[in-house]
Each structure stands twice: as C-alpha cells, then as structure tokens.
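Let me begin by presenting the structure, written as structure tokens, before commenting on it.
The values are calculated or read from the model by the stated rules, or taken from the named source; none is laboratory data. The shown structure was predicted, so the numbers you read here are calculated from the model rather than taken from an experiment. Neighbour counts run over all protein chains shown; Cβ positions are idealised from the backbone, glycine included.
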Amino acid sequence: MTRRPRFVVPLPAALCVLLLSVSPARADVLVYAGTWFNQTFMSTGPASATIERNLPQVTFTLDLDGNVFGGSNPTPLVMNGMLNPDMSVTFAPVVGHPTYGDVTGSMSATGAINAAGTNVPGGFITGVTLTGQRTPTDIDLSYVVTFAQGAPANGVINMDLIPEPALGASAAFVVLLGGRRARHPRPTPPRHEA
C-alpha cells in the first residue's frame, strides 16, 4: 500500500510562502552600473548609482568616475529624500558638494528624474541640469553643463540594473519582464588608434 501525503500545497502557493519566508526585514537597495559620456568633449568614464528604499526614506547615490568636468574623480553625490503621498520623491538639497556644488533633485512616481546643480566650485561652470528616466531595468539620463563663457556641453549617463543574486525580488521582476528592453542607441566614444 502506497502512502500519500495528507496535505499537499500547490506549487504557486508554496513558492509564494518560500519567497515571503526568506525576505529579510531590510532596506531595499537597487544597484545600477554603466557609463557617462560627454558628447561635446568626447570624454567618458564609469557610472554607478544606488537607490536605497527604507520607506519612507529614499537615498539616491550617483558616482561618476574619471575626468568629470575636466577635473579629477569626484566623490559620490548622495541625496536623501522622503517618499511623498503621490509616490514621488523630493530630495533634500545638497549644499557644497566639492564637484557639483548645490544640488536639488526629484524623482516622480513614474521614474522621471530631474536635478540641478548651481554654485559649482571652480568658477568656470555656472550650472548643471540633469533629466531622465528610471525604469525597472535601467536609468537613462541626459545632462547639460553651462559654462560662464562659451557654448554648453551635453552628455548622457546610461546605467543598467544589476540583478540581485538568488531569489532577489528585483531579479525576479526583471526576468518576468523579459530582461532588457529595447533602448535608444548609446553614443559610442571614438576609438583612438595607437
């Protein structure tokens, strides 16, 4: 006589219970990596960002590496904000960043990102504006650097979400959406022949 289990849990319910039971009580951190590219001066470098959601607080960190603004590698820009009732985030102003100056920023409930830098140290840059979009799989931004003299410089920052290992909810979400989305072509810096 074959014994059958008395209690059988359907597979979707079992997976749901498993996901809920392994989700630790912690902040949700999304990590992005990619590049920045100044289309005017043809300079480029690595870019990374994190969005830490410990609701209602949200922290956005942007780290551009390399020859930013024609200078040295800047310290990351860290912006702290609170989730608004409409699910947007308004970040508290950052005052006196050593590279970007005084920075304000926001992110809409639909992922639209806006930021502006004024009082940029050094005196030759009067301001920086940054606009773009965060999706479930990436962050794509455009920026304009305005100089005290001369034409502005334009550039882009493109970063892809780094999925969490194992059973991370963000990784599962990306898989359910079919992975990467069709993207606008990224500008490619010219190759210099040796």
Scan VAL94, VAL78, VAL103, VAL89 and give me the residue that is without any contact (Cβ under 8 Å) to a residue 24 or more places away in the chain and touching a Leu at 6+ places or on another chain (Cβ under 7 Å). VAL94
Checking LEU62 against (1) over 18 Å from the mean Cα position of the chain (by Cα); (2) under 18 Å from PRO136 (Cα atoms), which single condition isn't satisfied? (1)
Show the residue pairs that are 6+ apart or on different chains and have beta-carbon atoms under 7 Å apart, the first residue being within the stretch 107-127 and more than 17 Å from ILE157 (Cβ to Cβ), the second being acidic (Asp, Glu) and surrounded by 13 or more Cβ atoms within 10 Å (Cβ to Cβ). THR118/ASP102; ASN119/ASP102
Just to be sure before I move on: is PRO136 surrounded by fewer than 18 Cβ atoms within 10 Å (Cβ to Cβ) and under 16 Å from the mean Cα position of the chain (by Cα) in the structure I sent? yes
Go through the stretch 149-162 and report how many residues are under 13 Å from the mean Cα position of the chain (by Cα) and assigned to a loop (DSSP other than H, G, I, E, B). 1
Which condition number does SER23 fail, the rest of (1) modelled with pLDDT under 95; (2) over 28 Å from VAL89 (Cβ atoms); (3) of a type outside the set (A, V, I, L, M, F, W, C) being met? (2)
Identify, please: which residue in the stretch 132-148 is small (Gly, Ala, Ser) and assigned to a strand (DSSP E or B) and is, among those, nearest to THR110 (Cα to Cα)? GLY132
Here the residues within the stretch 30-57 that are farther than 12 Å from ILE162 by Cα and either hydroxyl-bearing (Ser, Thr, Tyr) or in a loop (DSSP other than H, G, I, E, B) (or both) are THR35, GLN39, THR40, PHE41, MET42, SER43, THR44, LEU55, PRO56
Just to be sure I understand, how many residues within the stretch 91-101 are surrounded by 16 or more Cβ atoms within 10 Å (Cβ to Cβ), β-branched (Val, Ile, Thr) and not in a loop (DSSP other than H, G, I, E, B)? 1
So is PHE60 surrounded by fewer than 15 Cβ atoms within 10 Å (Cβ to Cβ) and either of a type outside the set (Val, Ile, Thr) or touching a strand residue (DSSP E or B) at 6+ places or on another chain (Cβ under 6 Å) (or both) or not? no
Sort out which residues of the stretch 65-87 are surrounded by fewer than 17 Cβ atoms within 10 Å (Cβ to Cβ) and in a loop (DSSP other than H, G, I, E, B), and write them in order of number. ASP65, GLY66, ASN67, GLY71, SER72, ASN73, THR75, PRO76, ASN84, PRO85, ASP86, MET87
Answer from THR129, THR110 - the residue that is in a strand (DSSP E or B) and modelled with pLDDT of 95 or more: THR129
Counted residues, the stretch 104-146 - those being touching a His at 6+ places or on another chain (Cβ under 9 Å) and under 21 Å from MET87 (Cα atoms): 1
